[in-house]
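Enquirer: Okay, handing you the structure first.
The values are calculated or read from the model by the stated rules, or taken from the named source; none is laboratory data. Computed from a predicted structure; not experimentally measured. Glycine gets a Cβ as well: all are built from the backbone with ideal geometry, and neighbour counts include every protein chain shown.
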Amino acid sequence: MSKAALEAIKKKFSSELLSEHAQHGDETLVVKKEKLVQIAEFSRDDAELAFDVLVDLTVVDYLIEGRTPRFEVVLHLRSTSKKHRLRLKVPLEEGAPKVPSVVGVWKSATWMEREAYDMYGVVFEGHPDLRRILLYPEFEGHPLRKDYPMARRQPLYRRPERQGDVWEQKHILSGPAAGDHFKGTYDLDR
Amino acid sequence: MGIELHRSQYLQELLSWARKYSMFVQPYVTACCGMEYMPLMGPRYDLSRFGCEFVQFTPRHTDLLFVVGTITEKQAPVLRMIYDQMAEPKFVVAFGVCASSGGFYQNYAVVPGIDQIVPVDVYIPGCPPRPEQIIDGIVRLQEMIQRGETHSQRELSGRATQGRQAG
């Protein structure tokens with residue numbers, strides 16, 4: 001990536017920039033969440049940057065590292081004309097993490113943001129349809145958070161309206177609780 | 001009045017013999033185990049030697065459910081619905097460790113063994129199992145059917161016994 005282009009975005013949003021680093025040629029900018037959409041629009045529309053593809057949008061949970069703020073939204077950008085890449089990171093506080101949605105900038109963000117919401121519970125403000133995308137609506141919690149219990153099961157099959165099923169009453173509801181046979185053999189949390 | 005099938009032991013044995021060599025298969029293939037399931041139908045391993053080569057893709061015409069691969073919590077009601085639609089007596093084979101116990105998955109998404117959803121007659125371990133293991137499992141299932149030991153047969157004979165006691 002050309003130095004001039006990188007300097008341009010750093011100069012324009014110098015107050016929003018928290019830190020930056022680069023390794024083996026992949027530049028990373030850690031930015032504040034308030035101006036994320038403006039930074040995204042600039043990096044898409046600027047002739048030197050021209051990041052027309054949002055390759056990936058994901059979240060990292062730094063609970064085990066004990067880092068504050070706990071969450072970090074990561075955006076991977078790619079320019080098909082300039083053939084360069086940029087990584088944007090947005091730190092988010094624990095509690096109710098919220099970040100402005102970049103759907104208006106790159107439309108491919110819709111499903112990625114839904115997945116990030118589904119797995120980490122990060123709310124993307126301004127997203128047109130922020131629902132779970134992989135898990136079912138009855139699911140409680142966000143499984144890729146590091147404090148989600150690994151052995152916890154939320155069976156869809158045992159949902160209340162199916163409990164009239166004769167076989168289920170005989171074999172499942174009267175038997176040991178689902179997942180009990182894992183205890184002792186596979187319980188890696190011990 | 002008709003023939004009361006459950007009373008005639010010889011007729012029951014004849015029926016079991018016929019059933020074990022004419023199983024219609026409903027494959028429920030979700031994962032990589034399907035790659036080992038495919039050669040099973042080919043000329044080298046040729047499952048038709050054991051009378052269960054007739055693969056149907058409608059559960060109402062089948063009596064052997066092959067659950068091949070990982071079953072997620074989201075799929076569990078679908079699998080149960082397919083099982084419910086099959087013709088009785090019906091037999092279930094858990095193919096591979098994922099179907100048998102969840103395998104190496106222990107997470108929010110995967111059912112730890114399909115026996116949480118449907119009654120399983122034969123578990124075939126392996127990741128994935130060799131076709132020889134599957135043939136061994138089929139032969140064991142045939143022995144179980146001949147002896148009337150599968151879940152479905154026991155339930156049916158239990159129902160018949162209850163009916164006789166009530167009548």
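Enquirer: Counting just the residues of segment A:22-44 that are modelled with pLDDT under 85 and in a strand (DSSP E or B), which one comes out farthest from A:GLU125 (Cα to Cα)? Walk me through it before giving the result.
Expert: The first filter runs over segment A:22-44 and keeps only residues modelled with pLDDT under 85, leaving A:22-26.
Okay, now just the ones that are also in a strand (DSSP E or B), so A:22-23, A:26.
Numbers: A:ALA22: 29, A:GLN23: 31, A:ASP26: 28 Å.
Applying the filter and picking the extreme gives A:GLN23.
Enquirer: Let me ask something else. Return the residue satisfying two criteria in turn: it lies in segment B:51-77 and is surrounded by fewer than 16 Cβ atoms within 10 Å (Cβ to Cβ) and in a helix (DSSP H, G or I), and of such residues it is farthest from the other protein chains (Cβ to nearest Cβ).
Expert: Going through the qualifying residues, I end up with B:HIS61.
Enquirer: Shifting gears a bit: Can you report the number of residues in segment B:53-92 which are under 11 Å from B:ILE114 (Cβ atoms) and among the aliphatic types (A, V, I, L, M)?
Expert: Residues in segment B:53-92 being under 11 Å from B:ILE114 (Cβ atoms) and among the aliphatic types (A, V, I, L, M): 7 in total.
Enquirer: Something else: Report yes if some residue within segment A:113-121 is within 14 Å of chain B (Cβ to nearest Cβ), without any contact (Cβ under 8 Å) to a residue 12 or more places away in the chain and surrounded by 14 or more Cβ atoms within 10 Å (Cβ to Cβ); otherwise report no.
Expert: Just the residues of segment A:113-121 that are within 14 Å of chain B (Cβ to nearest Cβ), to begin with: A:115, A:118-121.
Narrowing the set further to residues that are without any contact (Cβ under 8 Å) to a residue 12 or more places away in the chain leaves none.
Within segment A:113-121 (the criterion being within 14 Å of chain B (Cβ to nearest Cβ), without any contact (Cβ under 8 Å) to a residue 12 or more places away in the chain and surrounded by 14 or more Cβ atoms within 10 Å (Cβ to Cβ)), the answer is no, since none of the residues qualifies.
Enquirer: Turning to a different aspect of this structure: If a residue must be buried (at least 17 other Cβ atoms within 10 Å of the Cβ) and over 18 Å from A:ARG67 (Cβ atoms), how many such residues does segment A:89-98 contain?
Expert: Our first condition is that a residue be buried (at least 17 other Cβ atoms within 10 Å of the Cβ); within segment A:89-98, this holds for A:89-92, A:97.
Adding the requirement that they be over 18 Å from A:ARG67 (Cβ atoms) leaves none.
Residues that pass the stated criteria total 0.
Enquirer: Does A:LEU188 meet the test of being at pLDDT 80 or above, more than 30 Å from A:LEU17 (Cα to Cα), part of a loop (DSSP other than H, G, I, E, B) and of a type outside the set (Gly, Ala, Ser)? Write out each step before concluding.
Expert: Values: at pLDDT 80 or above: no; more than 30 Å from A:LEU17 (Cα to Cα): yes; part of a loop (DSSP other than H, G, I, E, B): yes; of a type outside the set (Gly, Ala, Ser): yes.
Criteria not met by A:LEU188.
Enquirer: Could you grab me the full set of residues in segment A:66-87 that are modelled with pLDDT under 90, out of contact with any Pro (no Cβ under 8 Å at 6 or more places or on another chain) and surrounded by fewer than 16 Cβ atoms within 10 Å (Cβ to Cβ)?
Expert: If the condition is that a residue be modelled with pLDDT under 90, out of contact with any Pro (no Cβ under 8 Å at 6 or more places or on another chain) and surrounded by fewer than 16 Cβ atoms within 10 Å (Cβ to Cβ), then A:GLY66, A:ARG67, A:THR68, A:LYS83 are the ones that fit.
Enquirer: Tally time: how many residues in segment B:21-50 are assigned to a loop (DSSP other than H, G, I, E, B) and of a type in the set (D, E, K, R)?
Expert: Quick first cut of segment B:21-50, residues assigned to a loop (DSSP other than H, G, I, E, B) only: B:21-23, B:30-33, B:42-46.
When the remaining residues are screened for being of a type in the set (D, E, K, R), the result is B:44, B:46.
Residues flagged as assigned to a loop (DSSP other than H, G, I, E, B) and of a type in the set (D, E, K, R) within segment B:21-50 amount to 2.
Enquirer: Output yes when any residue across segment B:38-54 is out of contact with any helix residue (DSSP H, G or I) (no Cβ under 8 Å at 6 or more places or on another chain), aliphatic (A, V, I, L, M) and more than 21 Å from B:SER152 (Cα to Cα), and no when none is.
Expert: Within segment B:38-54, one or more residues are out of contact with any helix residue (DSSP H, G or I) (no Cβ under 8 Å at 6 or more places or on another chain), aliphatic (A, V, I, L, M) and more than 21 Å from B:SER152 (Cα to Cα).
Enquirer: The conditions are (1) in contact (Cβ under 8 Å) with a residue 24 or more places away in the chain; (2) out of contact with any Leu (no Cβ under 9 Å at 6 or more places or on another chain); (3) in a strand (DSSP E or B), and A:LEU75 fails exactly one of them. Which is it?
Expert: (2)
Enquirer: Name every residue in segment B:79-121 that is away from chain A (no Cβ under 13 Å), of a type in the set (Gly, Ala, Ser), part of a loop (DSSP other than H, G, I, E, B) and surrounded by 18 or more Cβ atoms within 10 Å (Cβ to Cβ), in order of residue number.
Expert: B:GLY96
Enquirer: In addition: Which one of A:LEU18, A:LEU54 is at pLDDT 90 or above and either loosely packed, with under 13 Cβ neighbours inside 10 Å or under 29 Å from A:ILE133 (Cα atoms) (or both)?
Expert: Working: A:LEU18 fails: at pLDDT 90 or above.
Every option except A:LEU54 fails the conditions.
Enquirer: Still on this structure, please answer the following. Would you point out the residue of segment B:83-126, among those that are aliphatic (A, V, I, L, M), out of contact with any Leu (no Cβ under 9 Å at 6 or more places or on another chain) and modelled with pLDDT of 90 or more, that is nearest to B:PHE57 (Cα to Cα)? Steps first, answer last, please.
Expert: Residues of segment B:83-126 aliphatic (A, V, I, L, M): B:86-87, B:92-94, B:97, B:99, B:109-111, B:114, B:117-118, B:120, B:122, B:124.
Those still in the list that are out of contact with any Leu (no Cβ under 9 Å at 6 or more places or on another chain) too: B:87, B:94, B:97, B:99, B:110, B:120, B:124.
Next, from what is left, pick out any that are modelled with pLDDT of 90 or more: B:94, B:97, B:99, B:110, B:120, B:124.
On the way: B:ALA94: 18, B:VAL97: 23, B:ALA99: 19, B:VAL110: 24, B:VAL120: 20, B:ILE124: 22 Å.
Checking each candidate, the answer is B:ALA94.
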